[in-house]
1. ILE65 is checked against (1) among the aliphatic types (A, V, I, L, M); (2) under 26 Å from LEU301 (Cβ atoms); (3) within 14 Å of the ligand (Cβ to nearest atom) and fails just one. What number does that condition carry?
2. Any residue at all in segment 275-293 that is under 23 Å from ALA178 (Cβ atoms), away from the ligand (no atom under 16 Å from the Cβ) and of a type in the set (D, E, K, R)?
3. Can you tell me which residues in segment 149-187 are assigned to a loop (DSSP other than H, G, I, E, B), more than 23 Å from ALA266 (Cα to Cα) and modelled with pLDDT of 95 or more?
4. In this structure, does TYR198 turn out to be aromatic (Phe, Trp, Tyr) and either away from the ligand (no atom under 16 Å from the Cβ) or surrounded by fewer than 16 Cβ atoms within 10 Å (Cβ to Cβ) (or both)?
5. Would you mention how many residues in segment 3-24 are farther than 19 Å from SER180 by Cα, surrounded by fewer than 18 Cβ atoms within 10 Å (Cβ to Cβ) and within 12 Å of the ligand (Cβ to nearest atom)?
6. Provide a single number: the residues in segment 179-195 that are among the small types (Gly, Ala, Ser) and surrounded by 14 or more Cβ atoms within 10 Å (Cβ to Cβ).
7. In segment 24-81, what count of residues is obtained for those that are aliphatic (A, V, I, L, M) and assigned to a loop (DSSP other than H, G, I, E, B)?
Amino acid sequence: MGERIPVILCIDVEPDPRRPDPAKAATWSGFERLYPFLRELRPRMADATGEATRLNWFWRMDPQIEFVYGSPDWGLRRYEAEVSETVAAGDEHGVHPHAWRWDMTLHRWVSDYGNPSWVEHCMVTSFMAFRSVFGKGCESVRMGDRYFDDRVREALDRLGCRFDLTIEPGEKPIRALAASEGYTGLVPDYRSVEMGPYRPRVEYVRERDADRSEGVWVIPLASGVMSDRGLRWRRYMRRHWSSMGPIPTGYGTLRLWEPPELVQPAIDETLERMERPYLAFAIRSDVLLNPWWGGNCRRNLKWLLRQAQARRYAFCTPRDLLPMLGLSAGGGRDCH
Ligand SMILES: [Zn+2]
């Protein structure tokens, strides 16, 4: 049958809009739609793989949530029943800090990654809120807007975080995920990073340091090559009408909400290319609210379960992934 292929499915649980109206503490309807879908899919995932399924939930608990909802842990409290159910299923819970700051003078949100002390404040707020809810430290993180640098690495090490799933190999540096939003800083350059978990070199987080025996593990998301052929009409529509920009081509993140005709062959290629294959995907909790994204995401997930090699997949947590790839999850605090 061959070795198991770990598959990490990350869900960023957040308000539907990126810039929620502070005057309206709207419930997270995307999560309310996505949760029952994944709940129903879970036994099918277990059937297809022959193993219990574990999912990975990354909660927004940063100052934007605090400002709009009155408390950074609003999401976890509001969706307490879902949290308990997923904890009982063995799922991983972590935080998903964004660096949104409400600018009092401009009266708008600014994505403030150019402000390192604010980024750190957002991280610390999230980790503290996590501890207040779960009564234990947070071990897994996905930074907002794939932002990661040495200050982030340093803060994660200090906060005792063990697994990071932020980095997206192949992605170019860009000014902002959506240029129409207020922002500072740059979304980093991940073109030199390859897939495969690693401990980052201090001050050079895109490089691996095989000698480090402590600190956070970076588990890069799955990347592959999206063909630039076919789908002419859809490409045209996306280029001209979509706020999400054109359909990506070339080497970059494999996003489950992109067209199955392009994503599925790219996933196959990625698995063939890797000596120790694994997959790690991230979806935003609002993915099903848009029929286009939602349809693609459903089709891609169901396709994964229908594949001949689905028996080899193990939907798992970062803690499970490392030993499956022959790496020791320990080191650092576990090391004596
Ligand atoms: Zn996010």
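The values are calculated or read from the model by the stated rules, or taken from the named source; none is laboratory data. Remember, predicted model here, so these are calculated numbers, not experimental data. Note: ideal-geometry Cβ built from the backbone for every residue, glycine included; neighbour counts use all protein chains shown.
1. (2)
2. Keep residues of segment 275-293 that are under 23 Å from ALA178 (Cβ atoms), which gives 281-293.
After this cut, where a residue has to be away from the ligand (no atom under 16 Å from the Cβ) as well, the list is 291-292.
Still in the running and of a type in the set (D, E, K, R): none.
No: zero hits.
3. Passing the criteria: ASP149, LEU159, GLY160, CYS161, ARG162.
4. Working: aromatic (Phe, Trp, Tyr): yes; either away from the ligand (no atom under 16 Å from the Cβ) or surrounded by fewer than 16 Cβ atoms within 10 Å (Cβ to Cβ) (or both): yes.
In short, yes.
5. Going through segment 3-24 one residue at a time, the tally reaches 0.
6. Qualifying residue count, segment 179-195: 2.
7. 5
Table: residues versus (1) surrounded by 15 or more Cβ atoms within 10 Å (Cβ to Cβ); (2) farther than 28 Å from THR253 by Cα.
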{"residue": "GLU92", "(1), (2)": "yes, no"}
{"residue": "HIS98", "(1), (2)": "yes, no"}
{"residue": "TRP102", "(1), (2)": "yes, yes"}
{"residue": "SER132", "(1), (2)": "no, yes"}
{"residue": "GLY137", "(1), (2)": "no, yes"}
{"residue": "ARG142", "(1), (2)": "yes, no"}
